[in-house]
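The values are calculated or read from the model by the stated rules, or taken from the named source; none is laboratory data. Predicted, not measured: the structure shown is a model, and the values here were computed from it. Backbone-built Cβ (ideal geometry, glycine too); neighbour counts: all protein chains shown.
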Amino acid sequence: MTGVIDISAVPASRADATAHVGVSPQPLLEVRDLSLSFATAKGALPITRNVNFTIAPGERVGLVGESGCGKTVTGLSLLRLLPPQSARIQGDILFNGTNLATLSPRRMRAVRGREIAMIFQEPMSALDPVFTVGDQISEAYRIHFPVSRAEGRERAIMALREVGIPAPERRCDEYPHQLSGGMRQRVMIAMALICKPKLLVADEPTTALDVTVQAQITDLLRSLSERTGTALIFITHDLGVVAETCTRMITMYAGEVVEDAPVDDVLTRPRHPYTSGLLRSLPGLSKRRGVLASIPGRVPSPSAMPAGCRFRARCSHAVASCAQNQPMVEIGNGRSARCWRAPELLLPGAVN
Ligand SMILES: Nc1ncnc2c1ncn2[C@@H]1O[C@H](COP(=O)(O)OP(=O)(O)OP(=O)(O)O)[C@@H](O)[C@H]1O
Ligand code: SF4
Ligand SMILES: [Mg+2]
């Protein structure tokens, strides 16, 4: 094996989890034709277009793509956390059969935190500096379950223990500024998982942390997901993390899903030229080959989106027909790609 990602080193538990990909009769989450736009002074600005994907119960899916491709807004759309004054959502977000896109704000509050939780890159901005971490975790539980303060505290201590915080009885009474960045992210994970949600959306949860702590938090998320059966949407720029943690990878480009595939397959043989470019841009692989294999050009801005294939200006495989809009093409084995040439192109991946 010559690539930077050694899939033989991927935990066996991931391989087990892969077994159910695509065969679950009832998806946990089914996103259908989700389009988001923001109201601006110049009219509606489209941000994402016809996003489709499903998540099976307990599945771990990496959502990748360059900056500005629409990963965060997609995660926020699922929880309806976008500013209601300006964000316009079209399409369906079926969660266990209930359409979250049309749910009342009151019923949505009952879903948020209880059924679906989200954690972000910077835990300090999500934690309230004037309350102890124990109070904040306990409150996340008491919003959904009518328990006493004492029981809430007990639950918070258990949750801190579960995310590997030493001396949780003591840490429970500390304030966010008394904890390291890694500890704070563990607190956020404890808070997100205390109600045992069925889905956790983790938006670059390790980006603000140093490398050793990043690996610990990634391992923690994977092991908690395995243990509790919580499905995970892992938004990240780090394809190595996706390889180690997830069963499936969804690539977004310029507000659209462009590839959706089991991780092992996409690492070996990406079907969309953009995914292939991302995989070839992995630093370890470029160094090994002595070239900087980056993708030329930039992601187009939402206000200047080109017609036809949105990746065309950067694609070395483009031909005249790519000037037409590209639908997702089914390729078999639970895979699809938004490129009409996907079935014929032989593209390099990260694992050869
Ligand atoms: N509240 C908003 N109003 C207007 N445009 C927005 C708003 N939030 C995001 N956008 C735009 O939506 C697009 C997608 O943004 P998003 O934050 O989802 O990207 P991303 O893929 O998460 O990028 P990154 O990897 O940098 O986090 C960007 O062009 C961004 O400028
Ligand atoms: S449709 Fe054409 S331009 Fe777009 S990714 Fe495929 S080959 Fe490249
Ligand atoms: Mg983002």
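Annotations
- In the range 239-255, the count of residues that are within 16 Å of ligand 2 (Cβ to nearest atom), touching a residue at least 12 places away in the same chain (Cβ under 8 Å) and of a type in the set (S, T, N, Q) is one or more.
- Residue in the range 53-70 that is buried (at least 19 other Cβ atoms within 10 Å of the Cβ) and either more than 16 Å from the chain's Cα centre (by Cα) or part of a helix (DSSP H, G or I) (or both) present: no
- Within the range 98-145, being touching a Pro at 6+ places or on another chain (Cβ under 7 Å) and aliphatic (A, V, I, L, M) holds for ILE116, ALA117, ILE119, MET124, LEU127, VAL133.
- Filtering the range 309-341 to residues that are more than 6 Å from ligand 2 (Cβ to nearest atom), assigned to a loop (DSSP other than H, G, I, E, B) and among the small types (Gly, Ala, Ser) leaves SER316, GLY334.
- Within the option set SER104, SER77, SER67, being under 18 Å from LYS198 (Cβ atoms) and assigned by TED's automatic domain parsing to the domain that holds ASN50 holds for one residue only, SER77.
- Sole exception among (1) within 16 Å of ligand 3 (Cβ to nearest atom); (2) over 30 Å from SER37 (Cα atoms) for PRO123, by number: (2)
- A single entry from GLN185, GLN136 fulfils the requirement of being outside any strand (DSSP E or B), closer than 30 Å to GLU66 by Cβ and in contact (Cβ under 8 Å) with a residue 24 or more places away in the chain: GLN185.
To keep it simple, each residue is scored yes or no on (1) under 21 Å from ALA56 (Cα atoms); (2) modelled with pLDDT of 95 or more.
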{"site": "ILE235", "(1), (2)": "yes, yes"}
{"site": "ASP238", "(1), (2)": "no, no"}
{"site": "VAL241", "(1), (2)": "yes, no"}
{"site": "MET252", "(1), (2)": "yes, yes"}
{"site": "VAL266", "(1), (2)": "yes, yes"}
{"site": "ARG271", "(1), (2)": "no, yes"}
{"site": "THR275", "(1), (2)": "no, yes"}
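- Considering residues of the range 241-265 that are in a helix (DSSP H, G or I) and within 16 Å of ligand 1 (Cβ to nearest atom) only, the residue farthest from ASN52 (Cα to Cα): VAL241
- Number of the exception - THR268 against (1) in contact with a Lys or Arg (Cβ under 8 Å, 6 or more places away or on another chain); (2) hydroxyl-bearing (Ser, Thr, Tyr); (3) over 22 Å from THR48 (Cβ atoms): (1)
- Residue check for ASN99: surrounded by 16 or more Cβ atoms within 10 Å (Cβ to Cβ), in the same structural domain as PHE145 (by TED's automatic domain parsing) and away from ligand 1 (no atom under 16 Å from the Cβ): no
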